[in-house]
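Peer 1: I have a structure here, written as structure tokens, and I will follow up with some questions on it.
The values are calculated or read from the model by the stated rules, or taken from the named source; none is laboratory data. Since we're looking at a predicted model, the values are computed, not measured. Here the Cβ positions follow ideal geometry from the backbone for every residue, glycine too, while neighbour counts run over all protein chains shown. Just so you know, the surface numbers come from the protein's heavy atoms only, side chains and all, with ligands and any DNA or RNA stripped out. Shrake-Rupley method; radii C 1.70, N 1.55, O 1.52, S 1.80 Å.
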Amino acid sequence: MAKYIGKRLLQAVVILFGVSIIVFALVNFMPGDPYSGMYSPDIPPEQIEAKLQELGAYDPLPLQYIKWLGRTLRGDLGYSIWYKAPVITIIMGRLGNTALLACAAILVSTLLGITVGIYSARHKKGIVDNVSSVLAFAALSIPSFFFGMILIKIFGVDLKVLPISGMVTVSNKSITGMAYVVDVLRHLILPTVVLGLMNSATMLRYTRSSMLDIQDMDYIRTARAKGMPERIVIYKHALKNALSQIITVLSLQIPGLLSGSLLTETVFLWPGVGRLNFEAVNHRDYPLIMGIVLVLASFTLIANLIADVCYAAIDPRVLQNDK
């Protein structure tokens, strides 16, 4: 197992190195002066040129990349042009908010998707199966921002039972303790429902498909023929062999929720990394863009590494085939 994990770690480092080269090249090939927002137009051009020379703006791209990579390896992702603060500080200030939203959405999508997917597979062509299939296709077809605005209209404007924007109530900034936790949870409900339901559709379809394939296998029919309880047949034998598909979906959902929640965070004004990325692009904040992409790429590779380890844990044949 240690050798297997070591190989996956090495692959992750190589991929992250390649991502860093691509991101650095794409950002630096974009037209315009990324430093234009850092200085006042009243400053003489000579001073601006001297400062750009000091920053290394005119160095060859390979040299700029080496300098940037060296700073990155030391934990220095640069200085935000727009926010006038270290990039790592800004990202860490938003990452926790996105992680909270992502964990809540993954919990909803996993529980709902697996539960309904197993039930649909056990009762194929039943009412639950037909209704859940239609709703799953609808969830995959409806844009998240449109679904979010519908929920805002119903629960925030018409019924006025849930807050529609932000992470805390602006007028209650002084609240602490349990009251603060409850306020955050109330603000978390609507964006969690949007992301959770949208992602549960994919989880449901994969779980249902895997369970249908496994239910027709000989060892499942044999277990039933021996009189084994249906609960044990489904959850101990069938579900265990369907876990590989579920792990694959989860490994794709985790980075997707961290990086792809831009629209949801923007609609609900949730102060997370997705919305921060949108703001960085709007303000042409190149150091912040590169920092966000690298952080999200790292989380993607970590999620894939965890998925590989889980594959090996549930199926020893993975380790044998990797030799």
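Peer 1: Pull out the extension gain between Ile189 and Ser244, defined as 0.36 nm times the separation in residues minus the alpha carbon to alpha carbon distance; nm, one decimal.
Peer 2: Full extension of this stretch gives 16.8 nm more.
Peer 1: Moving on to the next point. Set the Förster radius R0 to 25 Å, insert the Cβ-Cβ distance between Ile175 and Met92 as r into 1/(1 + (r/R0)^6), and round the FRET efficiency to 0.05.
Peer 2: Calculated transfer efficiency: 0.55.
Peer 1: Follow-up. What value, in deg cm²/dmol to 500, does the helix sum -39500 (n - 2.57) over DSSP H runs of n ≥ 4 give at 222 nm once divided by the residues of the chain?
Peer 2: -24000 deg cm²/dmol
Peer 1: Something else: I need the calculated FRET efficiency for the pair Val168 and Glu46, taking r as the beta carbon distance and R₀ as 51 Å, to the nearest 0.05.
Peer 2: In this case the efficiency is close to 0.60.
Peer 1: Equivalent ellipsoid semi-axes for the chain, as square roots of 5 times the alpha carbon gyration tensor eigenvalues: give them largest first, rounded to whole Å.
Peer 2: 44, 28, 15
Peer 1: Grab the beta carbon distance between Met1 and Leu252, set R0 = 25 Å, and tell me the FRET efficiency rounded to 0.05.
Peer 2: 0.60
Peer 1: Compute the signed sum of charges (Lys and Arg +1, Asp and Glu -1) over the other residues within less than 14 Å, Cβ to Cβ, of Leu151.
Peer 2: Combined, the nearby Lys, Arg, Asp and Glu give +2.
Peer 1: With every protein chain present, what is the per residue accessible area of the chain (1.4 Å probe, Å²)?
Peer 2: On a per-residue basis, the chain sits at 56 Å².
Peer 1: Which percent of the accessible heavy-atom area of the range 58-195 goes to carbon and sulfur, probe 1.4 angstrom?
Peer 2: 73
Peer 1: Taking the C-alpha atoms of the range 68-198, how large are the radius of gyration and the largest Cα-Cα span, Dmax, in Å?
Peer 2: Spelled out, the Cα radius of gyration and Dmax of the range 68-198 are 19.8, 59 Å.
Peer 1: Using alpha-carbon pairs under 8 Å, 6+ residues apart, how would you state the relative contact order of the range 60-192 in percent?
Peer 2: 17
Peer 1: Find the relative contact order for the range 186-257 and round it to a whole percent, using C-alpha pairs within less than 8 Å whose residues are 6+ positions apart.
Peer 2: Relative contact order comes out at 41 percent.
Peer 1: To the nearest whole percent, what portion of all C-alpha pairs in the range 179-323 is separated by more than 26 angstrom? Present the calculation step by step, with values, prior to reporting the outcome.
Peer 2: Working: 4831 of 10440 pairs.
Summing the P(r) tail past 26 Å for the range 179-323 gives 46 percent.
Peer 1: What is the sum of charges around Ser133, taking Lys and Arg as +1, Asp and Glu as -1, for the other residues whose C-beta is under 13 Å from the C-beta of Ser133?
Peer 2: Here the charged neighbours net out to +3.
Peer 1: Could you calculate the contour length gain from Leu10 to Lys226, that is, 0.36 nm times the residue separation minus the distance between their Cα atoms, to one decimal place in nm?
Peer 2: Working: separation 216, 0.36 × 216 = 77.76 nm, distance 4.65 nm.
Here the segment from Leu10 to Lys226 would lengthen by 73.1 nm.
Peer 1: Of the listed peptides 59-70, 126-137, 235-246, 287-298, what is their order by residue-averaged count of other C-beta atoms within 10 Å, with the highest listed first?
Peer 2: Peptide ranking by packing, descending: 287-298, 235-246, 126-137, 59-70.
Peer 1: If each residue of separation counts as 0.36 nm, what is the full-extension length gain between Met30 and Leu140 once their alpha-carbon separation is subtracted?
Peer 2: 36.3 nm
Peer 1: Find the relative contact order for the chain and round it to a whole percent, using C-alpha pairs within less than 8 Å whose residues are 6+ positions apart.
Peer 2: 27
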